Amino acid sequence: MSLRIALTKGRLEEKTLTMLETAGYGTEKVRNKGRALVLADTVHDLDYVLVKSNDCITYVDHGAADLGVVGKDTLMENEEASNYYEMLDLKTGKCCFIVAALPEANLFSKKGRIRIGTKYPHVAKAYFLSRNMDVEIIKIDGSVELSPLIGLVDGIVDIMETGSTLRANGLQVLDTVAEISARVIVNKASWKLKKEEITQVLSDLKKAVDENA
Ligand code: PRP
């Protein structure tokens, strides 16, 4: 039975394709995709779709894709989707969720309600709730680091990879919320119906992860 894999485009794309290639998969059509949206593997009986991170979960959660490769950040933010298993840590695309602010903000000692800017409201809310802090979360869609610089918020919860965006803007890391990396998720029904094929893909990818270690 043929498999469909949803890949996350953008930040994880190159790393995921390299890992698939190390695992012996044929991703030429993904690399030369033009405007095509469904792309066949040139070695194995499966195809790929390249989608935004939230959509990756949506396609797998509804079974339109059997497997997905998506960041742990997106999985943590979308906890309500539950029709999949998280089955493998690809140990690539590593970064972390951090809390950051300008040094003068005194974020953790500030009295009263603080404002936090983030692309990840669910993650941010859970973090401050666990610290019994009263926060107002303001959803920002991009360049989150801007929001404390011009006075919209007191601090941010965001992803840090190299840390250069924070440094370039004078923001200080105050805490690490979670470590992030790319994960393979599998639709629950697909796991029942196509266990053999999926196990093979997972085992190929696991070998590639071990080779990279
Ligand atoms: C992410 C994140 C930070 C930046 C961190 O944004 O939200 O802004 O990368 O990377 P660094 O630690 O290597 O500097 P992304 O590039 O995905 O774009 P966006 O802010 O427009 O969403």
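The values are calculated or read from the model by the stated rules, or taken from the named source; none is laboratory data. Predicted, not measured: the structure shown is a model, and the values here were computed from it. Here the Cβ positions follow ideal geometry from the backbone for every residue, glycine too, while neighbour counts run over all protein chains shown. In case anyone asks, the SASA skips ligands and DNA or RNA and just uses the protein heavy atoms, side chains included. Shrake-Rupley method; radii C 1.70, N 1.55, O 1.52, S 1.80 Å.
Within straight-line reach of LYS207, meaning a Cα separation under 28 Å, sit the following lysines at least 8 residues removed in sequence or on another chain: LYS9, LYS15, LYS29, LYS33, LYS52, LYS72, LYS91, LYS94, LYS188, LYS192, LYS194, LYS195.
Can you sort LEU129, LEU17 by 1.4 Å-probe accessible area, starting with the largest? Walk me through the numbers on the way to the answer.
Numbers: LEU129 130, LEU17 5 Å².
Descending accessible area places them as LEU129, LEU17.
No solvent, one uniform scatterer per C-alpha: report log10 I(q)/I(0) for the stretch 1-105 via the Debye equation at q = 0.12, 0.23 1/Å, two decimals. Scattering profile of the stretch 1-105, log10 relative to I(0): -0.43, -1.36. Per residue, the average separation of C-alpha pairs within less than 8 Å and at least 6 apart gives the stretch 95-179 a relative contact order of 50 percent. Couplings 3J(HN,Hα) of the stretch 203-212, computed from phi: 5, 4, 5, 4, 4, 5, 4, 5, 5, 6 Hz, in residue order, whole Hz [Karplus 6.51 cos²θ - 1.76 cosθ + 1.60, θ = phi - 60°; x for Gly and Pro]. Computed from the Cα positions only, the extents of the stretch 95-179 along the three principal axes stand at 30, 26, 21 Å, in decreasing order.
Computed on protein heavy atoms with a 1.4 Å probe, the accessible areas place SER203, SER82 in the order SER82, SER203, largest first.
For MET87, the residues whose modelled amide H falls within less than 5 Å of its own, excluding neighbours fewer than 5 places apart on the same chain, are VAL184, ILE185, VAL186.
The average projected area of the stretch 56-197, computed from the convex hull of its Cα atoms over all directions, is 9.1 nm². The DSSP beta bridges internal to the chain are antiparallel in roughly 60% of cases. Using only alpha carbons, the stretch 164-213 has a radius of gyration to Kirkwood radius ratio (Rg to Rh) of 1.26. When you filter the trypsin sites (Lys or Arg not before Pro) in the stretch 38-129 for DSSP loop state and at most 16 other Cβ atoms inside 10 Å of their Cβ, you are left with LYS52, LYS91, LYS94, LYS110, LYS111, ARG113. Note on the chain: with a GNM built from Cα contacts shorter than 10 Å, the maximum mean-square fluctuation among GLY155, GLY163, GLY112 falls on GLY112. Springs between Cα atoms under 10 Å define the GNM used for the chain, and in it the highest mean-square fluctuation of ILE180, ILE114, ILE137 occurs at ILE114. Each of TYR120, SER203, MET76 was scored by the projection of its Cα onto the charge dipole of the chain, and the greatest displacement toward the positive side belongs to TYR120; charges sit on the C-beta of Lys, Arg, Asp and Glu. The residues of the stretch 95-179 present an accessible area of 53 Å² per residue when probed at 1.4 Å with all protein chains retained.
Taking all protein chains as present, what is the carbon and sulfur share of the accessible area of the stretch 95-179, in % to the nearest whole number, probe 1.4 Å? Don't skip to the end; give the middle numbers.
Values: 2240 of 4500 Å².
Using a 1.4 Å probe with all protein chains present, the stretch 95-179 comes out at 50 percent carbon and sulfur.
Would you mind working out the magnitude of the charge dipole of the chain relative to its Cα centre, with +1 at each Lys and Arg C-beta and -1 at each Asp and Glu C-beta, to the nearest 20 Debye?
Values: 28 positive and 31 negative charges, 61 e Å.
Charge dipole of the chain: 300 debye, to the nearest 20.
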